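Working notes for the structure below.
A short reminder: the numbers here are calculations on the coordinates, not readings from a lab. Note that the coordinates shown come from a computational prediction; the quantities given were computed from them, not determined experimentally. Every residue, glycine among them, receives a Cβ derived from its backbone with ideal geometry; neighbour counts consider all protein chains shown.
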Amino acid sequence: MKTKTTRRLVEPLLWSLFSAGGAVAALSLPVLLFLFGLAIPLGWLEAPNYEAMHGLVQQPLTRVSLFVICWLALFHWAHRFRYTLYDGLQIKHLNEVITVFCYGGALLGTGVAGYLLWNFR
Amino acid sequence: MNSGEMRGAPVYTEFHPRWYRKRVSTYWWLWKWSYLRFVLREISSVFVAWFVMVVLALIAGLSRGPEAYSAWQEWMRHPAVIAVNGVSFFFVLVHAVTWFNLAPRAMVMRVGGKGLPDAVIAGANYLAWAIVSAILGWLVLRAG
Amino acid sequence: MAETIQLEVTRYAPEADAEPRVQTFEAPYRPDWVVLDALNYVKDKLDGSLSYRWSCRMGICGSCGMMVNGEPKLTCATFLADYAPKPIRVEPLRYFPVVHDLVIEMSDFLRKLEGVKPWIIRKEEKLIREGEYLQTPEQLDAYKQFSMCINCMLCYAACPVYGLDPLFTGPAAIALAQRYNMDSRDQGAAERMGILSQHDGIWGCTFVGECTKVCPKNVDPAGAIQQYKLSAAKEWFRSLLMPWGAR
């Protein structure tokens, strides 16, 4: 059960993650989504071949960057969605369930990203 | 007597009237256009999370081998997925544009004793966006 | 041009009504009249029992805030001409309990305002003989916008988070806290931060931005809150990484 003091200790951190995630997502996701989600599947641009994509992702810098993007973007979602549920559906009384769903989900996704990128061969 | 104490079924007395408290509707966000725009902006975070899932699927596919990568590409070409990604792209743009336009309100930068105008800070953000997009685009397409 | 205008005014008499009801009055239409003038006419000539707050009638006291056609407005600054010839709906300020007719209960706001300690806090007062606290125009500029608040509570009526979350401190109180934090003469930032962070005071804000839109004095409380969040976050990291520096 979160006490008032725990909440005070944690909220600035959660907001900071939300903020960083928002900036990272805003800077990097539009172009990536455009390329991988629209331009390449619709054939406007040539799809990168396996060797080249694999080689690109395998670079340490790429792996770290992808991890940071996934981690921060997921925590951005978690924080924002939590408040959307509070205010949009007015279910703040379920706040423990919501907190676990949002931040737990983000943590899970971050864990998956970390595992995939660490073990990427 | 503060407002927090009036709950349940308040009673009218000569010295304390029954205050009327209107319950906020679940659909408050439909009352005004600006509220609706706000909710759409907040919903954009769901599509941000969706795309992270797509990226994770790509990484998983790449690590498993060429067949898995092709399967991912095939999935990405499915009309339903393209439709979802089209909507996601729209919302990710909403996220980016609203983010860069609002960022100056949180960051006050004073240069030479005067605050920098919002447009300058927003402009710097947009410039950073353009540069990052160019770099990422080049990295991805160079791999083609 | 019409000679009269219709006012659809919320009436609520707790001893008689279970719920507010609407009463329509016909007031004279004058192009230079504001809604407050029309309400005063109603009270003078048509129905003396109509209750509402007003004082300076010039947009500085912050008393006459009401909902005009669903938007929070100062009735002394809202011209009939902008709505004529259509009827004008006048309702009590949103998200506050209604005491009687257009009068709302504001003790929640006052309690929260007092809670942020909106005054200069000094660790040590300067002695009189040492002279006054000096401040450059640039230092004044840093907080001046936030000092323009007249406590009219229009921002509270615009803020859905305030309507939904009873713990939320609200735009004006946080903006005023920031006004003092940014004041070079003040040394109370740490004290206020403890209070505001503790009660979920500021973190409920999701930057809807409506508060800034309705503010009659261009205070930009939304900006103040985001700046406050940023400084609270910085302070959090600073205390984590450099716990020895007592602020």
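Please go through the residue pairs C:Lys45/C:Lys86; C:Lys45/C:Lys73; C:Lys73/C:Lys213 and name each one whose alpha carbons sit more than 18 Å apart in this structure.
Details: C:Lys45/C:Lys86 22 Å; C:Lys45/C:Lys73 24 Å; C:Lys73/C:Lys213 11 Å.
Violating the 18 Å Cα-Cα cut-off are C:Lys45/C:Lys86; C:Lys45/C:Lys73.
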Tell me, which cysteines of the protein assembly as shown are without a disulfide-compatible partner by the Cβ under 4.7 Å rule?
A:Cys70, A:Cys102, C:Cys64, C:Cys76, C:Cys149, C:Cys152, C:Cys159, C:Cys205, C:Cys215
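Can you sort C:Ile225, C:Ile150 by how many other beta carbons sit within 10 Å, fewest first?
Working: C:Ile225 30, C:Ile150 19.
The most exposed by this proxy come first: C:Ile150, C:Ile225.
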4 °C / 1.567 mPa s Stokes-Einstein diffusion coefficient of chain C, Kirkwood radius on C-alpha pairs, µm²/s:
65
What is the distance in Å between the Cα centroid of the stretch A:93-109 and that of the stretch C:174-230?
27
If one builds a Gaussian network model of chain C from Cα atoms under 10 Å apart, the most fluctuating residue listed among C:Ala172, C:Ala232, C:Ala158 is C:Ala232
Taking only the Cα positions of the stretch C:15-70, the convex hull volume per residue in Å³ is 122
Which three extents, in angstrom, do the Cα atoms of the stretch C:4-104 have along their principal axes, listed largest first?
37, 28, 24
Per the charge dipole of the stretch C:85-147 (beta-carbon charges, Lys/Arg positive, Asp/Glu negative, Cα centre), the residue among C:Val98, C:Leu134, C:Pro85 reaching farthest to the positive end is C:Pro85
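Could you give me D for chain B, from Stokes-Einstein at 10 °C and 1.306 mPa s, where the hydrodynamic radius is the Kirkwood radius over C-alpha pairs? Units µm² s⁻¹, please. Walk me through the intermediate numbers first.
On the way: Rh = 20.5 Å.
My calculation gives 78 µm²/s for D.
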With N set to the number of residues, divide the alpha-carbon radius of gyration of chain A by 2.2 N^0.38 Å and report two decimals.
1.29
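Sequence gap at least 6, Cα distance under 8 Å: using those rules, report the relative contact order of the stretch C:107-241 to the nearest whole percent.
In percent, rounded to a whole number, it is 31.
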Note down, for the stretch A:5-53, the three equivalent ellipsoid semi-axes (square root of 5 times each alpha carbon gyration tensor eigenvalue), biggest first, whole angstrom.
38, 11, 7
When chain B is modelled as a GNM with alpha-carbon springs shorter than 10 Å, which of B:His16, B:His78, B:His95 fluctuates the most?
B:His16
Straight distance only, please: which aspartates and glutamates reach the Cα of C:Lys117 with their own Cα at less than 18 Å, same-chain residues fewer than 8 apart left out?
C:Asp108, C:Glu125, C:Asp183, C:Asp186, C:Glu191, C:Asp200
Expected max-MSF residue from A:Val57, A:Val68, A:Val97 in the GNM of chain A (alpha carbon, under 10 Å) is A:Val97
Computed from every Cα-Cα pair in the stretch C:92-176, P(r) in 10 Å bins starting at 0 and rounded to whole percents is 14, 38, 26, 15, 7, 0
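Using the alpha carbon gyration tensor of the protein assembly as shown, what are the three equivalent-ellipsoid semi-axes (square root of 5 times each eigenvalue), largest first, in whole Å? Could you put the intermediate results ahead of the total?
Values: eigenvalues 463, 162, 99 Å².
Semi-axes from the Cα gyration tensor: 48, 28, 22 Å.
Check each of the GluC sites (Glu not before Pro) in the stretch C:100-200 and keep only those in coil by DSSP with at most 11 other C-beta atoms within 10 angstrom; list them in order. The partial results should precede the final answer.
Numbers: sites: C:Glu105, C:Glu114, C:Glu124, C:Glu125, C:Glu130, C:Glu132, C:Glu138, C:Glu191; in loops: C:Glu105, C:Glu124, C:Glu125, C:Glu132.
Taking the stretch C:100-200 and a limit of 11 other Cβ atoms within 10 Å, the loop GluC sites (Glu not before Pro) found are C:Glu124, C:Glu125, C:Glu132.
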